[in-house]
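Notes follow once the structure below has been shown.
Every read-out reported here was derived from the displayed coordinates using simple, explicitly stated rules and does not represent laboratory data. Just so it is clear, the structure is predicted and the values come from calculations on it, not from any experiment. When we count neighbours, we look across all protein chains shown, and the Cβ atoms used for this are built from the backbone with ideal geometry, even at glycine.
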Amino acid sequence: MGYWSIYFIAKLGLFYSGFIGFHWLPNLIFAVTLVLPLASNRHRLIRTVLAMPVGLALLYHDSWLPPISRVLSQKEALTGFGNDYLLELLGRFVNLWILAALGLLLVVYLLLRRRLRFATLAFLGILSAPIVSLQGGNIVQIVSPRPALAGVSATVSPDKQEPTAQLEAFYAAEQGKRVSFPSIADSAVPFDVVFLHVCSLSWDDMDYVGESNVTLLNHFDVVFRRFNSAASYSGPGALRLFRSNCGQLSHSKMYEGDASQCNLFRNFEAAGFEVRGLLNHDGHFDQFASLVQGLSGIGVKLDDNRFAPVSMRSFDDTPIYEDFPLLSEWWKHQQPSGRPRALYYNTTTLHDGNRIPGVKSRSSLETFKPRLDKLMSDFDRFITFLEDRGRPVVVILVPEHGAALRGDKVQISGMREIPNPKITLVPAAIKLIGFKGKSGDAPRQPLQVVKPVSYFAISTLLADFIADSPFTGTGGKPLAERVQNLLDTPFVSENEDIVVMGRENGYLMRSEGTWVDYQPGL
């Protein structure tokens with residue numbers, strides 16, 4: 001087998017260290033093919049040449065990288081990356097400790113190859129992989145998918161169910177959730193609504209850069225500590241917000257049918273709001289602007305943003321506009337209207353790969369904290385600006401997903417293919433500008449909501465605010481009571497090919513039809 005022994009031993013070392021998975025049967029077949037005796041030097045050379053691409057493909061298959069089909073589907077988006085950003089991403093794949101270990105393994109092989117049968121070690125290692133998995137080894141424990149048993153009581157604890165049955169029960173429960181907005185004309189005190197939809201911000205990102213208690217969040221009235229964005233990419237994240245008047249759908253069902261009754265902004269329109277849309281970028285990447293104008297139900301052209309100053313350049317060198325000037329100037333120039341407004345605002349200020357003019361560092365990881373500080377400052381200024389206008393407004397901060405700054409053995413920093421809780425648990429918050437409350441003043445500290453919730457909680461609160469305005473002299477029902485009545489949403493996050501589900505104080509991940517124990521961050 002020669003140097004191919006190093007290939008298999010190195011992969012097994014990465015597998016047992018948790019850096020990659022390991023499909024033992026294809027690896028075993030590949031190894032057997034490599035040791036079959038061939039009499040002709042020409043045939044051995046042909047086998048070696050053919051084995052190289054097969055070995056690379058098998059290594060990719062064993063890795064936690066997205067399937068090739070997923071990469072090809074994103075080909076157009078990937079070709080938009082600038083050279084600086086591509087080099088930055090390439091650098092994140094380089095692990096000096098792994099390179100040193102591989103170098104040491106090669107030295108050991110060169111010194112001992114005449115004394116040890118490395119091919120035998122490679123075969124023993126390959127055969128050990130399924131045994132360790134079946135015994136619940138220290139990497140993953142395979143959870144075989146099997147059908148739910150007939151006659152099982154519906155009251156069985158979710159954590160006691162078979163994983164696929166638990167997931168199906170979750171979707172069945174979510175399918176029964178639905179909320180509609182009453183007419184804003186019947187509200188005692190009508191109000192505007194502003195969604196601050198932030199790309200790339202999670203609780204873990206904030207903790208990673210030392211901003212877990214950002215001052216801005218203390219200016220809000222409600223902070224959701226376990227809000228699940230349920231997706232780790234912008235498109236699905238936006239769709240989940242747009243479909244928030246119903247319970248959580250599976251990833252594939254978000255793209256099926258019209259579902260007008262579930263559409264957040266169509267509910268706004270039906271309730272009498274004037275719906276508007278604004279981005280701090282051009283929205284061309286991954287056709288985000290088209291998605292917002294179409295599937296969101298906004299149904300109008302996004303408002304012009306080019307009057308605002310450019311604060312940075314994105315990974316594809318397109319402009320990103322400064323948040324506070326854009327929001328405040330847009331608001332100032334709105335024509336008086338008898339209808340309250342519902343504004344969808346999307347910002348990519350924190351997106352991976354952004355470049356700030358005049359800043360020496362080209363690493364978007366190093367500039368994340370100053371970009372976060374600037375964004376929070378801009379939002380704080382905007383809230384103060386709205387307060388000075390004297391008009392009631394509900395401001396909703398809700399990130400699309402996290403930036404995955406921390407990274408782990410499974411995903412490099414910035415990669416979000418696996419929608420784990422460090423990426424999808426985001427700092428959502430609500431500010432009631434003009435809120436009176438029962439005592440005549442807004443709370444000094446925000447209400448901390450620790451129950452697991454998602455987008456349906458936001459729509460539920462909005463419907464409650466319209467029906468029982470918090471901006472009257474008495475403030476209606478106490479805010480704590482409104483929050484206490486919100487329905488839980490158990491943790492389920494997913495992308496096109498992967499589902500991560502909370503279970504027994506931990507998490508399971510389904511990939512390629514198989515459930516495995518998953519420990520995010522390791």
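General observations
- A quarter of the convex hull surface defined by the alpha-carbon atoms of the chain gives 28.2 nm² as the mean projection.
- Semi-axis lengths, largest first, of the ellipsoid equivalent to region 418-522 are 36, 13, 11 Å, with √(5λ) applied to each eigenvalue of the Cα gyration tensor.
- Take the Cβ atoms of ASP84 and TYR3, set R0 to 30 Å, and the FRET efficiency comes out at 0.25.
- DSSP-loop chymotrypsin sites (Phe, Trp or Tyr not before Pro) across region 279-308, with at most 15 other Cβ within 10 angstrom: PHE307
- Residues THR48 and THR318, FRET efficiency given R0 of 45 Å [Cβ-Cβ distance, rounded to 0.05]: 0.50
- The chain - mean residue ellipticity at 222 nm from DSSP helices (-39,500 (n - 2.57) per run, n ≥ 4, rounded to 500): -11500 deg cm²/dmol
- Stretch gain in nm, segment VAL450-SER260, where the contour uses 0.36 nm per residue and the Cα spacing is subtracted: 65.3 nm
- Region 178-298 - Debye-derived log10 I(q)/I(0), Cα point model, q = 0.11, 0.19, 0.20, 0.23 Å⁻¹: -0.46, -1.25, -1.32, -1.43
- Euclidean distance of C-alpha centroids, region 233-264 and region 15-48, integer Å: 45
- In this structure, the pairs whose alpha-carbon distance is over 28 Å, taken from LYS177/LYS431; LYS177/LYS451; LYS369/LYS436; LYS422/LYS451; LYS301/LYS332; LYS374/LYS451, are LYS369/LYS436; LYS374/LYS451.
- When each of the peptides 498-509, 418-429, 240-251, 216-227 is scored by the mean number of other C-beta atoms lying within 10 Å of its residues, the order from highest to lowest reads 418-429, 240-251, 216-227, 498-509.
- Coordinate range of the alpha-carbon atoms in region 4-139 per principal axis, descending: 50, 41, 31 Å.
- Taking every DSSP bridge with both residues inside the chain, close to 55 percent are antiparallel.
- Put the Cα centre of region 187-215 next to the Cα centre of region 270-340 and the gap is 18 Å.
- The separation of region 110-130 from region 453-493, counted between C-alpha centres, amounts to 61 Å.
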